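Presented below is the structure to which this report refers.
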Amino acid sequence: MKSSAVVIESPKTDSRIFAHTRWDALPVLAAIFHSVYFFGMFYLFPRVPLWMMLILGFIYSVSISWNINGISHNFIHNPYFRLPLLNRLFSILESITVGFSQIFYECIHMQHHKGNADRPGEKGETVDWISIYKHGHDGDAEHPLSYTFLSFFREDPKTVYRELKRKNPRDAFWGVTELTLFVSTFVILGVLNWRYICFLVPFWYLGHCLSYLNGYYRHYGGNPDEPLAWGVSSYDKLYNCLWFFNGYHAEHHFRPKVHWTRMQALRDQIVEQQRAAGVRVIKPPHALAFLDPDLPTLKQNSRQKSHGRWNLKSARVQEGPTERVL
């Protein structure tokens, strides 16, 4: 199916603040709440029992993945504000709250869209730096546990910086600035209370691991050779309400610039073509995809690839009329 055949009207608004739609106030407010929560944990640490802090820490870990895959991700493709200054300030806010440069994340994510979770080529390299096939064997996806817990340590800020500098030295400068501000924030918190930073860092690491877990199952079982089926989708209503339509991942890879409020409209247009292409749909949210009853094993994926085909029967594209979340 040619992408030019799909026409999705972009949202338009007369707002002087928001660039696309006033609905973007929702992820913006969510990001502000997340930042308040982040600094609020520091305030509460000496004032509440350890068991309560452990619960709050785990919530922070989940919220990192929530922010990266929902708020930050949508901001990459459709910056929320009209004024460049507001977008810059929001990018800095996200970097400090999540604990990684938003601009560096954008560079990595755009490289992800260039490769679309591709398999290694003749030289054994993938275009997509975070492809689930990059560290697999014989063209198979990597095991989810190693991808989830090791990907954090495989990140290469130097490679990202060089790519940013090649494209736009200004972005490289701001990317380093964001990293500096995030690290400085953690250092200051550590100086003020060294016990707190020892408590925080493991949950921060776990949060990024959960983000990689989410990313793994957004492509595991998909077809890296079929544009319509590059991604794996989940249409769980609560998941998509809370994660700003992150579940519509096959649709997103097919048309990355479509605004999050238009993902359902995109799917309405291409659902028959998705069904024909064997787009994989899972029942639970992506981070819980290992609970999906039709999840193929690594060996099943290997057999499908070796026969030059993908299991279309297991790709359960939702039947019947679709329902809107918003």
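Observations on the structure shown:
- Nearest-10 value in Å² for the accessible area of Thr126, using the 1.4 Å probe: 20 Å²
- Treating r as the C-beta distance of Lys123 and Tyr37 and R0 as 41 Å, the FRET efficiency rounds to 0.40.
- For the stretch 118-125, Karplus couplings with θ = phi - 60° (6.51, -1.76, 1.60), whole Hz, Gly/Pro x: 6, 7, x, x, 4, 8, x, 10
- Legend: translational diffusion of the stretch 128-188 by Stokes-Einstein, Rh = Kirkwood radius over C-alpha pairs, 37 °C, 0.692 mPa s; D = 241 µm²/s.
- Computing FRET efficiency as 1/(1 + (r/R0)^6) for Leu29 and Asp140, where r is the C-beta to C-beta distance and R0 is 51 Å, gives about 0.75.
- In nm, spacing of pseudo-spin labels at Gln273 and Ser10 (7 Å Cα→C-beta vector): 2.0 nm
- Computed over Cα pairs, the Kirkwood radius of the stretch 74-116 leads via Stokes-Einstein (0.890 mPa s, 25 °C) to a diffusion coefficient of 225 µm² per second.
- Set of aspartates and glutamates near Lys12 by C-alpha distance (under 15 Å), chain-local residues within fewer than 8 positions excluded: Asp24
- Listed pairs Lys167/Lys283; Lys123/Lys167; Lys134/Lys165 exceeding 32 Å between Cα atoms: Lys167/Lys283
- Residues of type aspartates and glutamates that Lys114 reaches as a straight line, Cα spacing below 18 Å, ignoring anything fewer than 8 places off in the same chain: Glu106, Glu122, Glu125, Asp128, Glu155, Asp156, Glu163, Asp225, Glu226, Glu251
- Within the chain, helix-based [θ] at 222 nm, where runs of 4 or more DSSP H residues each add -39,500 (n - 2.57), nearest 500: -17500 deg cm²/dmol
- Inter-centroid distance (Cα atoms) of the stretch 119-173 relative to the stretch 59-116, Å: 18 Å
- Accessible area, probe 1.4 Å, largest first, for residues Met110, Met263: Met110, Met263
- A Cα-only calculation for the stretch 1-57 places Rg and Dmax at 20.0, 58 Å.
- Length gained when the stretch Lys283-Val48 is fully extended (0.36 nm per residue, less Cα-Cα span): 80.8 nm
- Relative contact order, percent, the stretch 12-105 [alpha-carbon distance under 8 Å, six or more residues apart]: 35 percent
- Legend: P(r) of the chain from all alpha carbon pair distances, 20 Å bins from 0, whole percents, reading 31, 59, 11, 0.
- Convex hull volume per residue, computed on the Cα atoms of the stretch 88-183, equals 104 Å³.
The values are calculated or read from the model by the stated rules, or taken from the named source; none is laboratory data. Being a predicted model, the structure only gives us computed values, none of them experimental. When we count neighbours, we look across all protein chains shown, and the Cβ atoms used for this are built from the backbone with ideal geometry, even at glycine. Ligands, DNA and RNA are stripped out before the accessible areas are found, and what is left, the full protein with its side chains, is counted by its heavy atoms. Shrake-Rupley method; radii C 1.70, N 1.55, O 1.52, S 1.80 Å.
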